[in-house]
Every structure is written in structure tokens, then in C-alpha cells.
Amino acid sequence: MFPEMSQKIEPLSGPKPFIKWVGGKHSIVNELTSCFPKDFGTYFEPFLGGGSVFFKLQHQQAIISDENQWLIDAYLALKSDWKLVAGHLDKMINTDQEFLRIRSVNPWTLDLYERAAQFIYLNKTCFRGLFRVNQKGQFNVPYGVYDRRYYDAQNFEAISLALSQAEIKSCDFELSLYGVSGDDFVYFDPPYYKLGGYSNFNRYTSQQFREKDHFRLAALCRELDAKGIRWAVSNSDTGFIRQLFSGFQIHLISARREINLNSHNRDVVELLITNYNVS
Ligand SMILES: C[S@@+](CC[C@H](N)C(=O)[O-])C[C@H]1O[C@@H](n2cnc3c(N)ncnc32)[C@H](O)[C@@H]1O
């Protein structure tokens, strides 16, 4: 449907996320990274999502992870052979019947590259690029009727290169920091705390990120702080989060976000909390 040959190749300043991801930091990535330490050892990003911050930083040593294994498999496939993923995508057709057929295929019956192509295809063709699975882990977002390219070959190549040095893992954030030490830096971008509970529209995995997980994260941050390891955490500007991270530095970041399903954009302020001075 969108053959690679017809793609217009444009110069890229660096790799960009290959998927649309709820909570993606693309629009505020410069503001965020300007608050990061200037020098550090290994970069850890345990809530990788679409990877906008990782791709922007292009730090030489990085350990990146996310609990969503299907997403992480897409990274692993692009790292190992992006052309194979692209080849599968070239054969996939953007119609509602094909969408339903491809969505109904159990990803765990496919090989790594087919599964990555299925993931990217669904992201590009489903309603608003949402990722939502039911409790059995089955993707259940409806068709979106968009005429978008599935990928940009030059970007896939740049992504593959950026990933070549990185260690990529699928795991819960608490297990992701194995080996972290003194001069390393960790950026945490968890599913945001929402007043009144969680939103069903950012169910990134079959589990929800609940209040107890925000407590787990804050406890981990305090542990790292006690060891002198620097970190930054993004989250919503709510009393709960401010209280959870009390004693640390709180910076306000303004973001233009799609807020609700009527697709209204509004300026919102979110928090970046750090355990170091931002210069
Ligand atoms: C706000 S998104 C990250 C967005 C990312 N910074 C970007 O720019 O696209 C949060 C991510 O956390 C992941 N996640 C949810 N629960 C998790 C957990 N317990 N451990 C690790 N990752 C988790 C989700 O799969 C999702 O990709």
C-alpha cells in the first residue's frame, strides 16, 4: 500500500520515534534534556515508550527498557535487521478488513520481525495510535482510517544505528536498573498519575500503573538518592506526586498536549523532579 520506493527521503537531524505513543515526550524533549546533567556514565531509561528522549540524547552507553514486551520486541527487531521489518510492512495493506485480520493474529505466534511489523502497522492504522490491551493482553483498539506512511526507511536506519550500542530489556522498572552506579543517570517517565484513578486510554500493558506503583517508584528514587545516583522523574502536577517526592527539586515544564478524546490541545504544566541541581 505504501511502497518504500514512493517515499520521499528527507534529511533527518537524528532518529525520531517510529511510533505514536501516548505520553510521548517529543514536543518537550528539548526542555527536558536541558535539565539533565551535562556529564554522566550510563543512561538508564526504564519507561522507554516511543523513545523520544533516548533518541534525542543519543548517549553512547544506554540501558533502555519497558514492561511492554511487544514494544520492546519492535526495538529489538529494528536493532537487529530493520530491512526485514520494513519488508514485512511493505506487504501490509491499510484497509479495515486487513486491520481486523492482522489485529486478530496472536503476536506470539509470529517471529520477531513479523511481530515488530504487526506492532508498527497497528500503531499507524489504529484509532489515534493508542495502545490498549485487554486483560488477556489482546490488542483491542479499533481501526483509525488514516492514510499515513508506516515508516521512513532513513529513520529506520538511523534508529537501528542508535540502538546498536544500547542494551534493550523488557521488564518492570524495578528490575531495570541492575548494575546502576555512581555517575550514571536515570530518567523515569512512568504512566502519569491521574486524579481519580487511571485512564483506560493509556493502558500500555495488561497491568495498570496504579498508586502503589507510584509509591514503588518514589521508594526506588529515594534508594538511588541515598546511593548518590542522579535521576529525573516526569509526572503530572498533582498534590499526590508533589507529596510523594517532597524534599526533591521540582521544575515546571509546559507541554502542549492532546488532552481528551475531542482532541483539544491545551497548554498543561507537568513536573520534572530531580535529585540534583539543574543549571
Ligand atoms: C509515559 S510512557 C513513556 C513515554 C516515553 N517517554 C516517550 O517519549 O514515548 C510510560 C511507559 O511506561 C511503560 N510501563 C508501564 N508500566 C511499567 C512498569 N511497571 N515498568 C516499566 N515500564 C512500564 C509503558 O509501557 C509506557 O511505554
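The values are calculated or read from the model by the stated rules, or taken from the named source; none is laboratory data. This one's a predicted model, so the numbers in the text were calculated from it and none came from an experiment. In this analysis, Cβ positions are derived from the backbone assuming ideal geometry, glycine residues included, and neighbour counts consider all displayed protein chains. For the accessible areas, the whole protein counts, side chains as well, though only heavy atoms, and no ligand, DNA or RNA atoms are used. Shrake-Rupley method; radii C 1.70, N 1.55, O 1.52, S 1.80 Å.
I'd like to know if region 45-64 contains one or more residues that are without any contact (Cβ under 8 Å) to a residue 60 or more places away in the chain, outside any loop (DSSP other than H, G, I, E, B) and more than 16 Å from the ligand (Cβ to nearest atom).
No.
Give just the number: which of (1) touching a Gly at 6+ places or on another chain (Cβ under 9 Å); (2) open to solvent by 60 Å² or more (accessible area, probe 1.4 Å) does Gly49 not satisfy?
With (1) touching a Gly at 6+ places or on another chain (Cβ under 9 Å); (2) open to solvent by 60 Å² or more (accessible area, probe 1.4 Å) applied to Gly49, the lone miss is (2).
Do you know which residues across region 47-72 are in contact with a Lys or Arg (Cβ under 9 Å, 6 or more places away or on another chain) and under 18 Å from His214 (Cα atoms)?
Those that are in contact with a Lys or Arg (Cβ under 9 Å, 6 or more places away or on another chain) and under 18 Å from His214 (Cα atoms): Gly49, Ser65, Asp66.
From the list Val233, Val186, Val268, which residue is touching a strand residue (DSSP E or B) at 6+ places or on another chain (Cβ under 8 Å) and modelled with pLDDT under 95?
Among Val233, Val186, Val268, only Val268 is touching a strand residue (DSSP E or B) at 6+ places or on another chain (Cβ under 8 Å) and modelled with pLDDT under 95.
Filter region 132-169 for residues that are closer than 14 Å to Gly51 by Cβ and open to solvent by less than 50 Å² (accessible area, probe 1.4 Å) and give the result.
Within region 132-169, Asn155, Phe156, Ala158, Ile159, Ser160, Ala162, Leu163, Ala166, Ile168, Lys169 meet the criteria.
I need the full set of residues from region 1-24 which are within 9 Å of the ligand (Cβ to nearest atom), closer than 30 Å to Gly182 by Cα and at pLDDT below 95, in order please.
Listed by number, the residues that qualify are Gly23, Gly24.
In region 65-78, which residues are within 17 Å of Tyr187 (Cα to Cα) and either more than 6 Å from the ligand (Cβ to nearest atom) or within 9 Å of the chain's Cα centre (by Cα) (or both)?
Ser65, Asp66
Would you confirm whether or not region 162-179 contains a residue that is aliphatic (A, V, I, L, M), within 13 Å of the ligand (Cβ to nearest atom), part of a loop (DSSP other than H, G, I, E, B) and closer than 15 Å to Asn68 by Cβ?
No, region 162-179 contains no residue that is aliphatic (A, V, I, L, M), within 13 Å of the ligand (Cβ to nearest atom), part of a loop (DSSP other than H, G, I, E, B) and closer than 15 Å to Asn68 by Cβ.
Return a yes/no flag: does region 120-130 have any residue that is assigned to a helix (DSSP H, G or I), in contact with a His (Cβ under 8 Å, 6 or more places away or on another chain), among the polar types (S, T, N, Q) and modelled with pLDDT of 95 or more.
No: region 120-130 contains no residue that is assigned to a helix (DSSP H, G or I), in contact with a His (Cβ under 8 Å, 6 or more places away or on another chain), among the polar types (S, T, N, Q) and modelled with pLDDT of 95 or more.
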